[in-house]
Amino acid sequence: MTKVIQVERDLSVLDEAAKCLAGGGLVAFPTETVYGLGASALNEAAVAGIFVAKGRPQDNPLIVHISDKKMLDQVVSSVPPAAEKLMDAFWPGPLTIILEKSENIPISVTAGLQTVGVRMPSHPVALALIEKSGVPVAAPSANLSGCPSTTRASHVIHDLTGRVDYIVDGGACSVGLESTVLDMTGEVPQILRPGGVSLEELQAVLGEVTYEPALKDSREVPKSPGMKYRHYAPKGELYLVEPRYAESLAEKLAFFSGQGKKTGVLRCSDNQYEADFVIDCGKTAEAYASALFDALRSMDDLGAEVMFAELPQDEGGIVPALMNRMLKASGGQVLEENLTTRIERL
Ligand code: AMP
Ligand code: MG
């Protein structure tokens, strides 16, 4: 049986879920990025339960969440000075730092790797739950593997009811996309997954930072095991499109409607479309990022069979993360060939 807990101001409602977490249970909870599905990172059996509940491939490591830097000793073997600088600058917040793992962390958490991803989320409910449980919490996104991540409790209830012990409802997630994953174990810090903290922000603190090659070239094997899987996919077909190709999109919509398909558009411009469903995702990349997964899930609920998502028009900041999720969700399908230049720009 899955119990849903509503949290508003009184954080003592988290006590039973925290106890469950400490005792080896599974608890889904809100963070500022997306909802997480948590288990004690020190408990091998509990961690195994996460993979079963999500249907997650065994070779995809989990991020360990902490509420206090004092917990780091249990998670990593040491904290190099550059990582310390990152923690001071971006924690609590959407940055996962890859470091050498401590012996306490079972290899099921890291999928056999000697490194571990660690992050301190900024959401007050996440911080309170981890602190009350007293253990570092391994938590991937709280969705069924392959589906769009969850940014509202209703999404988690849809995917994980009957599969977890508790779902903590703390409202909608503000960032809406997952954390930036930054590998600090090599010579030059490398972004393995773009996310809520941008390349420019990291460079301002560290100097040289690069994107790992596989993010730009799909022929490279990704260093972050999770990046190789189909991800975030809605049930219908999804194509990406530049807003300036509105005319060509109008033709496609007419074509698919003519075939009797239900059509949908995720919009971030003032363009008008003749589609069965149009969801406004905001005009800024930040607004789009926080709306994307909810919009994809809404399209599924509405029964959209062919969808088109307008690409964001700004640059930098959250845009590379948004483009990365949109590319994965669409399986790389774009409406116009010449879009490729923009997509490889990262
Ligand atoms: P999720 O938990 O769904 O947000 O996915 C976590 C992401 O972090 C996946 O892309 C993982 O492959 C990546 N990740 C976690 N730990 C490591 C690690 N030790 N080395 C490389 N990537 C990692
Ligand atoms: Mg995920």
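The values are calculated or read from the model by the stated rules, or taken from the named source; none is laboratory data. This one's a predicted model, so the numbers in the text were calculated from it and none came from an experiment. Note: ideal-geometry Cβ built from the backbone for every residue, glycine included; neighbour counts use all protein chains shown. For accessibility, only protein heavy atoms count, side chains too; no ligands or nucleic acids. Shrake-Rupley method; radii C 1.70, N 1.55, O 1.52, S 1.80 Å.
Listed by position, the helices (runs of 4 or more DSSP H) inside the range 78-148 whose residues that are closer than 22 Å to residue 11 by Cα number at least 1 are 124-133. Of the residues making up the range 225-267, those that are assigned to a loop (DSSP other than H, G, I, E, B), within 19 Å of residue 291 (Cα to Cα) and either among the small types (Gly, Ala, Ser) or free of Cβ contacts under 8 Å to residues at least 40 places away in the same chain (or both) are 233, 236. Could you please let me know if residue 146 is on the phi > 0 side of the Ramachandran plot, open to solvent by less than 30 Å² (accessible area, probe 1.4 Å) and within 14 Å of ligand 2 (Cβ to nearest atom)? Judged against the criteria, residue 146 is a match.
Look through the range 184-201, keep the residues that are over 17 Å from the mean Cα position of the chain (by Cα) and of a type in the set (D, E, K, R), and return whichever of them is farthest from ligand 1 (Cβ to nearest atom). Among those residues, the one meeting the criterion is 200. One residue stands out among those in the range 1-55 that are in contact with a Pro (Cβ under 9 Å, 6 or more places away or on another chain) and charged (D, E, K, R): the one that is most open to solvent (accessible area, probe 1.4 Å), which is 44. For the range 158-188, taking the residues that are away from ligand 2 (no atom under 15 Å from the Cβ) and in contact with an Asp or Glu (Cβ under 8 Å, 6 or more places away or on another chain), the one that is most open to solvent (accessible area, probe 1.4 Å) is identified as 174. Applying the criterion of being under 20 Å from residue 170 (Cα atoms) and open to solvent by less than 10 Å² (accessible area, probe 1.4 Å) to the residues of the range 93-124, the residue that is nearest to ligand 1 (Cβ to nearest atom) is 119. Within the bounds of the range 68-78, is there any residue that is touching a strand residue (DSSP E or B) at 6+ places or on another chain (Cβ under 6 Å), at pLDDT 95 or above and near ligand 1 (Cβ under 10 Å from one of its atoms)? Looking through the range 68-78, none of the residues is touching a strand residue (DSSP E or B) at 6+ places or on another chain (Cβ under 6 Å), at pLDDT 95 or above and near ligand 1 (Cβ under 10 Å from one of its atoms). Of all residues in the range 304-334, those satisfying the criterion of being open to solvent by less than 30 Å² (accessible area, probe 1.4 Å) and more than 17 Å from residue 176 (Cα to Cα) are 304, 306, 307, 308, 310, 330. Within the range 208-229, if we keep just the residues that are at pLDDT 75 or above and open to solvent by 40 Å² or more (accessible area, probe 1.4 Å), the residue that is nearest to ligand 2 (Cβ to nearest atom) turns out to be 223.
Checking 291, 287, 309, 295 one by one, the residue that is under 17 Å from residue 256 (Cα atoms) and either modelled with pLDDT of 95 or more or of a type in the set (A, V, I, L, M, F, W, C) (or both) is 309 and no other. Entry remark, the range 134-143: residues being open to solvent by 10 Å² or more (accessible area, probe 1.4 Å) and more than 16 Å from ligand 2 (Cβ to nearest atom) number 2 in total. Among the residues of the range 15-67, just one is basic (Lys, Arg), modelled with pLDDT of 95 or more and within 15 Å of ligand 2 (Cβ to nearest atom), namely 54.
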